[in-house]
Amino acid sequence: MHSRDKWGWLYVPWIICLSSFLINLIVGFAVPGQEAFYTGGISSIFVYLFVMGIVAPNQTFPFALGMSASRKDYFLGTTAAAVLFSAGNAVLLLLLSLIEQGTNQWGEGLHFFSLPFVNEGSLLMQWLTYTMVFLYLFFSGFLIASVYRKFGKYGMFIFFGIILLVLLVAPLLITYFEGWVDIGRWIVSSFHSLNDLAPWLLLKGAIMALVSYLLLLRSTV
């Protein structure tokens, strides 16, 4: 079912990402002689997968149940599609980063696919890191969609209200207990690259996937 939506899963995210790359490349050629510059355009494909995690269940879940698919099978199939998408796109991003490095940043000092903190360690580690980040973002969106399917719009208000409350209260508590310095030291000492952060994201993604599955088991169409 998901494989039939090639535009949504394959074409659109890369059209967005490569369009951003092309614009940045044109800017690089238009301003010759500048030093190396970095762009966050690659983030578009990561944001897209987060959005896809929200949109895909709303588009396909009722249809899948209407075709007599079980909730378990739907979840497993969607998870498989997300894993394949994440692993495949991680390979493409890694190849593009290698090409970028081999061409001296496209001859213009443009760091679009190859970025410090991100492209560190072995090629296998970089591929695993990309894949884990993709899956984390997808299931972040998938959890939002699952909350909506289970509790409706009022549940969404409560869900985002709780998140907003946490985001407002947590900084106040950290400031009150003077914990910012300790947190900063822990971050600096623990995370030297995205490779160090990715396992934590994968763990959070796995938890969100489990919660999403439990919500879907009890949701209505």
Unique residue being part of a loop (DSSP other than H, G, I, E, B) and out of contact with any Ser or Thr (no Cβ under 6 Å at 6 or more places or on another chain) when the list is GLY141, GLY88, GLY121: GLY121
If you take the residues in region 54-103 that are at pLDDT 90 or above and of a type in the set (Phe, Trp, Tyr), which one is nearest to the chain's Cα centre (by Cα)? PHE85
What's the number of the only condition in (1) at pLDDT 85 or above; (2) within 27 Å of GLY53 (Cβ to Cβ) that HIS111 fails to meet? (2)
Quick count over region 38-66, residues being of a type in the set (Ser, Thr, Tyr) and part of a loop (DSSP other than H, G, I, E, B), is 1
Give region 1-57 a look and list any residue that's closer than 18 Å to ALA87 by Cα, exposed (fewer than 12 other Cβ atoms within 10 Å of the Cβ) and in contact (Cβ under 8 Å) with a residue 60 or more places away in the chain, or say none. SER3
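Give ILE174, ILE187, ILE207 a once-over and let me know the one that is of a type in the set (Val, Ile, Thr) and either closer than 17 Å to TYR130 by Cβ or in contact with a helix residue (DSSP H, G or I) (Cβ under 8 Å, 6 or more places away or on another chain) (or both). I'd like the intermediate steps shown before the answer.
Numbers: ILE187 fails: either closer than 17 Å to TYR130 by Cβ or in contact with a helix residue (DSSP H, G or I) (Cβ under 8 Å, 6 or more places away or on another chain) (or both); ILE207 fails: either closer than 17 Å to TYR130 by Cβ or in contact with a helix residue (DSSP H, G or I) (Cβ under 8 Å, 6 or more places away or on another chain) (or both).
Criteria check complete, one pass: ILE174.
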Members of region 171-210 found to be aliphatic (A, V, I, L, M) and surrounded by 15 or more Cβ atoms within 10 Å (Cβ to Cβ), listed by number: LEU194, LEU197, ALA198, LEU201, LEU202, MET208, ALA209
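Please go through region 102-139 and pick out each residue that is buried (at least 19 other Cβ atoms within 10 Å of the Cβ) and among the small types (Gly, Ala, Ser).
Restricting attention to region 102-139, the residues satisfying the condition of being buried (at least 19 other Cβ atoms within 10 Å of the Cβ) are 108, 110-114, 119, 126, 129-139.
Within region 102-139, SER114 is the sole residue that qualifies.
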Pairs please, first residue from region 195-221 and farther than 24 Å from PHE117 by Cβ and hydroxyl-bearing (Ser, Thr, Tyr), second anywhere and assigned to a helix (DSSP H, G or I) and at pLDDT 85 or above, Cβ atoms under 6 Å, 6+ apart in sequence or on different chains. SER212/PHE142; SER212/LEU143; SER212/SER146; TYR213/PHE75; SER219/ARG149; SER219/LYS150
Looking at (1) buried (at least 17 other Cβ atoms within 10 Å of the Cβ); (2) within 16 Å of ARG4 (Cβ to Cβ); (3) not charged (D, E, K, R), can you tell me which one MET67 breaks? (1)
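Tell me, which residue of region 184-221 that is among the aromatic types (Phe, Trp, Tyr) and part of a helix (DSSP H, G or I) is modelled with the lowest pLDDT? Give the derivation first.
Keep residues of region 184-221 that are among the aromatic types (Phe, Trp, Tyr), which gives 186, 191, 200, 213.
Checking the rest, the ones that are also part of a helix (DSSP H, G or I) come to 186, 200, 213.
Working: TRP186: 74, TRP200: 87, TYR213: 93.
Among those that are among the aromatic types (Phe, Trp, Tyr) and part of a helix (DSSP H, G or I), it is TRP186.
The values are calculated or read from the model by the stated rules, or taken from the named source; none is laboratory data. Bear in mind that the values here come from a model prediction, so they are computed numbers and not experimental data. We place every Cβ from the backbone using ideal geometry, glycine too, and count neighbours over all the protein chains shown.
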